[in-house]
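*Asks:* Here it is, the structure, as structure tokens.
The values are calculated or read from the model by the stated rules, or taken from the named source; none is laboratory data. Keep in mind that this is a model prediction, so the values were computed, not measured. Positions of Cβ are backbone-derived with ideal geometry, glycine not excepted, and every protein chain shown enters the neighbour counts.
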Amino acid sequence: MSDHLEGPRACAQYELGPTLDLLNRVFTPDQAQMGHFGPHLFCEENRENMRVLLVGPQIVAHTGLFVTEMVTPRGDLRLGGVYGVACDPDFRRKGYGEACVRDAMLRMAELGCDVGWLGTGIWDWYRAFGWEKAGRGYEFELDRSSFSLLPELPGCEVQTGLWPDLEEMIALHEADRLGARRRPELWPVLLGDRQSRGETYTAARNGRLVAYVVANERGQVLEYAGEGPEAAGLLREVFALLDKPDQPTSTTNGPGRLVVETPVVAGGLPALLLSLGLPYRYGPRGMMWVVNLESLLEKLGLAREITAERTDTGWRLRRGSEEADLAASQLTKLLFGPERPLPFASDLFPLEFYHWGLDMV
């Protein structure tokens, strides 16, 4: 007898609990943590974007979507972040997980997303749906021998916790026009989730916020803001607060190190850390999928300069005398890096685009 299927479709109001039960069984079988991981993701407000598939009365697969407005120096883009891709172990290898992923991708298009993002380690599975490793970022590593190279933070008061004037934090975050434009009510949700995201550290001079850092107890910096010297000085203070000299440092995520993720930009903190010769990794930020190329070019002010035409194998781009035929995966890397599949429009691409760790769903 074949399974009686319903969906994929939006999660119904009474199905929020059973959907979280499924996710907890798949991701955190020893403790129910998924609701805590993202209260803004698993809630009534985002329920339509929680795509589920049922076999009979049982929810057996889920793919979630959270939409974010991303700010770039050339213009704002709408990003659909995929999270919570799960299938009940008793119902795998039937295509139910794939069906939910494809349904979430259709939902992205309905909501006007320009690009999608997801974090995963099973790249080839998602490549079958058109996703590709993309985006650019630096990952610097500080340890006990190098953190003293960072500048000190004279005349500043360092505090732990959410800065009382939220508008100051938002203004500092948005000053470089790079990253998510968060709704004000989302800030306390993200920064208040210390268990899964980390603690917030702030630096103020004469009562004015000059920098903040969000770091977890494993020594991973998910976000920072502020001018280069102030942000670097606060990182030095954070390292001292998180370091535990009396504990062993033999484990990869142990104390005694700070991993700082930054965008690839010409100035600010990345330039300062590079000038110090700190070791770093350069690479993709996850997997991405171009949902709507025409809309993306329009929003970035490139629609008149670059024409895009679909082909049997992907896209043909033209810019003046330049022309490039690209598969979908090559297009994603051309736009967002890190690799350069073709030299087309090398003065424009890859785009200055960054997805902060605090926003990664």
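*Asks:* Show the residue pairs meeting these rules: Cβ distance below 6 Å; 6+ apart or different chains; first residue within the range 199-211 and within 13 Å of Leu166 (Cα to Cα); second residue aromatic (Phe, Trp, Tyr) and buried (at least 23 other Cβ atoms within 10 Å of the Cβ).
*Replies:* Thr202/Tyr212
*Asks:* Would you check if Glu223 is of a type outside the set (S, T, N, Q), at pLDDT 95 or above and more than 30 Å from Val101 (Cβ to Cβ)?
*Replies:* In short, no.
*Asks:* Another one. Which residue is surrounded by the fewest Cβ atoms within 10 Å (Cβ to Cβ), if the candidates are limited to the range 79-101 and must be in contact (Cβ under 8 Å) with a residue 60 or more places away in the chain and of a type in the set (D, E, K, R)?
*Replies:* Lys94
*Asks:* Another question, then. Would you please list the contacts, defined by Cβ atoms under 7 Å and residues six or more apart or on different chains, that run from a residue in the range 347-358 that is on the phi > 0 side of the Ramachandran plot to a residue that is modelled with pLDDT under 95 and not aliphatic (A, V, I, L, M)?
*Replies:* none
*Asks:* Among what's in the range 112-126 and is touching a strand residue (DSSP E or B) at 6+ places or on another chain (Cβ under 8 Å) and outside any loop (DSSP other than H, G, I, E, B), pick the residue that is surrounded by the fewest Cβ atoms within 10 Å (Cβ to Cβ).
*Replies:* Filtering first and then ranking leaves Trp123.
*Asks:* Right, here's the next one. Restricting attention to the range 190-206, which residues are of a type in the set (Ser, Thr, Tyr) and part of a loop (DSSP other than H, G, I, E, B)?
*Replies:* Ser196
*Asks:* Just to be sure, is His36 of a type outside the set (A, V, I, L, M), surrounded by 17 or more Cβ atoms within 10 Å (Cβ to Cβ) and more than 30 Å from Leu297 (Cβ to Cβ)?
*Replies:* No.
*Asks:* Hey, can you tell me all the residues within the range 155-194 that are loosely packed, with under 13 Cβ neighbours inside 10 Å and over 22 Å from Glu237 (Cβ atoms)?
*Replies:* Answer for the range 155-194, where residues must be loosely packed, with under 13 Cβ neighbours inside 10 Å and over 22 Å from Glu237 (Cβ atoms): Glu167, Arg183, Pro184, Glu185, Pro188.
*Asks:* Inside the range 1-110, counting only helices (runs of 4 or more DSSP H) that do not spill past its ends, which hold 1 or more residues that are of a type in the set (D, E, K, R)?
*Replies:* Answer list for the range 1-110: 16-27, 96-110.
*Asks:* Can you go through Glu298, Glu339, Glu309 and tell me which one is within 26 Å of the chain's Cα centre (by Cα), of a type in the set (D, E, K, R) and not in a loop (DSSP other than H, G, I, E, B)?
*Replies:* Glu298
*Asks:* Moving to a separate point now. Being loosely packed, with under 14 Cβ neighbours inside 10 Å, at pLDDT below 95, touching a strand residue (DSSP E or B) at 6+ places or on another chain (Cβ under 9 Å) and not hydroxyl-bearing (Ser, Thr, Tyr) is the requirement here; does Gly198 meet it?
*Replies:* It is false that Gly198 is loosely packed, with under 14 Cβ neighbours inside 10 Å, at pLDDT below 95, touching a strand residue (DSSP E or B) at 6+ places or on another chain (Cβ under 9 Å) and not hydroxyl-bearing (Ser, Thr, Tyr).
*Asks:* While we're on this one: Taking Met50 as the residue in question, decide whether it is of a type outside the set (Asp, Glu) and in contact with a Leu (Cβ under 7 Å, 6 or more places away or on another chain).
*Replies:* No; evaluated as a whole, the condition is false for this residue.
*Asks:* Is it true that Leu351 is within 23 Å of Arg107 (Cα to Cα) and not assigned by TED's automatic domain parsing to the domain that holds Val85?
*Replies:* no
*Asks:* Let me confirm something: among Gly283, Gly314, which residue is under 30 Å from Ser145 (Cα atoms) and either polar (S, T, N, Q) or surrounded by fewer than 18 Cβ atoms within 10 Å (Cβ to Cβ) (or both)?
*Replies:* Gly283
*Asks:* While we're looking at this one, here's another question. Could you grab me the full set of residues in the range 96-111 that are acidic (Asp, Glu), under 19 Å from Asn46 (Cβ atoms) and either in the same structural domain as Asn292 (by TED's automatic domain parsing) or out of contact with any strand residue (DSSP E or B) (no Cβ under 6 Å at 6 or more places or on another chain) (or both)?
*Replies:* Result: Glu110, single match.
*Asks:* Still on this model: Could we say that Thr313 is modelled with pLDDT under 95, among the polar types (S, T, N, Q) and more than 30 Å from Glu230 (Cβ to Cβ) here?
*Replies:* In short, yes.
*Asks:* While we're on this one: So which residues in the range 130-151 are touching a helix residue (DSSP H, G or I) at 6+ places or on another chain (Cβ under 6 Å) and part of a loop (DSSP other than H, G, I, E, B), if there are any at all?
*Replies:* Gly130, Gly135, Leu150, Pro151, listed by residue number.
*Asks:* Another question, if that's okay. Write out, first by first residue and then by second, each pair whose Cβ atoms fall under 8 Å of each other, whose residues are 6+ apart or on separate chains, and whose first residue, in the range 230-247, is at pLDDT 95 or above while the second is part of a helix (DSSP H, G or I) and of a type in the set (Gly, Ala, Ser).
*Replies:* Going by the 8 Å Cβ cut-off, the qualifying pairs are Ala231/Gly268; Arg236/Ser148.
*Asks:* Here is a further query. Determine the pairs where a residue that is farther than 14 Å from Val71 by Cβ, located within the range 161-177, has a partner that is in a loop (DSSP other than H, G, I, E, B) and not small (Gly, Ala, Ser) with Cβ atoms under 6 Å apart, the partner being 6 or more residues away or on another chain.
*Replies:* Taking only residues 6 or more apart or on different chains, the pairs are Met169/Trp163.
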